[in-house]
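Just so it is clear, none of the values below were taken in a lab; they were calculated from the coordinates. Remember, it's a predicted structure, so these values are computed and weren't measured experimentally. Every residue, glycine as well, gets a Cβ built from its backbone with ideal geometry; the counts of neighbours run over all protein chains shown.
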Amino acid sequence: MTLKRMIAWPVLVLGLSLPALVDCSAAKDLKDAASGCDEFSGGSASAVGTLDVDVKVKAFLQASLALQTLATSVRQDALTSCSAIATDLGVADTWSAQTDPDMQVQIACNAASTKIQAILSAGASGQASLSIQWTPPECTVDVSATATCQGSCSGQASCTAPDVNVACEPGQLSGGCTGMCSGSCTASATAPSIACEGSCTAECTGSCDAQCTGTCMGNCTGKCDGTCSAMDAQGNCTGTCTGTCKGTCDAMCKGKCEGKCAGSCTGSCNVMPGSASASCMGECSGSCDVMFTAPKCHGKVTPPSCNADVDCKASCDAQAHASAVCTEGMVTVVASASANTGDMQKLVATLQTNLPKIINNVTGKAKLAVDVAAQVASSGEALVNGVASFTGKAVACIPVAASASARASASISVSVMASASTSASCGGPSNG
């Protein structure tokens, strides 16, 4: 009898304590739900990472933070560039006094566009004109980070992280290559000039087998903006050019090469077949005969074979694309010979300096931003509609992040449209 009583006591104690444990857990959920979401509102990815919430809620919060960062970057590029153009052209600053950063962008870009159009209109009466030649920026996505995030979806279902070699569309994978690089090699911050044996998109320093626009340390055959040691009957230079050569150069050329560059390149070098260098000191795009280091994907990352929650995967893709790195495209402002007035010269100078960031907003970040905003909005809508199925911090954080994402998306639209208007006012691209 005594033994039975001894056994019964723990059971009785546990039974009596269960309601208390349940009530304690419920009270904690209510407290967490009412405590707000300072972890997200503070903009700290590390703080969000420590939250004890459902994996797809955490992925959404992180994607929302990434979208806000992208919105800030797009807005800052637009404001910095538009305000610089307007100021360089003598427009009074009417935007800095605004408290709304989106309004600052709209006013600054509108001021820049209006002044550009006025200068071009006045120049046209004197037969002065200019044209914009540009190459689009390239945006790269960190494949490894995407794989890690998508792998977290296994908390909801079976999921295999993607192999970096299949996560990109064919020919879109790039990275450091210490072996043989075929395709193109692009200069980077750590390698501002790269060995090149092919066509160079920027400045070539070496021999050029077609038109070279720049300095020529040998015989220049073509037009010489300077003095030429020998001329043909048509007035073309056939000797040494002291100045800028626009033609073929039989020795060292430093400038834009429209043919094969054999030397160094400050942009992207498209490697000629059979002439791949032993290594690409910048970033190799195409293929590398050894494993890529720090692999990245140009454009979108294709999803892995994964049965995880669709909203979780969408948030992971959004994080990756929002965090993509976009290099500025090349911009060349070409002015007519009659564009030698003070205002036209100022316009050429400021566009050459400030237009690249604006074009990057229009043709690079804009495309990513539209995709990211749509993915985050889709995930957020699903979570908001199902918020009743979550508890604690998730209940507090979901609506906060959804609201922040909506504001970021609207801000991106304002910045991209303002950038497109400024770009179009001088003949640049108006959309992606």
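Given R₀ = 25 Å, what would the calculated FRET efficiency be for residue 93 paired with residue 118, taking r from the Cβ atoms and rounding to 0.05?
Details: r = 17 Å, r/R0 = 0.70.
Taking R0 as 25 Å, the efficiency between residue 93 and residue 118 is 0.90.
Straightening the chain between residue 76 and residue 225 buys 49.8 nm, computed as 0.36 nm per residue apart minus the Cα-Cα spacing. Calculate, for residue 385 and residue 406, the FRET efficiency according to 1/(1 + (r/R0)^6) with r their C-beta to C-beta distance and R0 22 Å; round to the nearest 0.05. Efficiency at R0 = 22 Å is approximately 0.90.
Between residue 46 and residue 233, take the C-beta separation as r, use R0 = 51 Å, and let me know the FRET efficiency to the nearest 0.05.
On the way: r = 73 Å, r/R0 = 1.43.
E(calc), rounded to 0.05, equals 0.10.
Between residue 325 and residue 371, the simple label model (points 7 Å from Cα in the Cβ direction) yields a spacing of 1.8 nm.
How large is Rg/Rh for the range 57-100, to two decimals, with Cα atoms and a Kirkwood Rh?
Values: Rg = 15.3 Å, Rh = 12.4 Å.
When Rh is taken as the Kirkwood radius, the ratio is 1.23.
Backbone N atoms of the range 181-208 closer than 12 Å to the 7 Å Cα→Cβ label point of residue 252 belong to residues 205-207.
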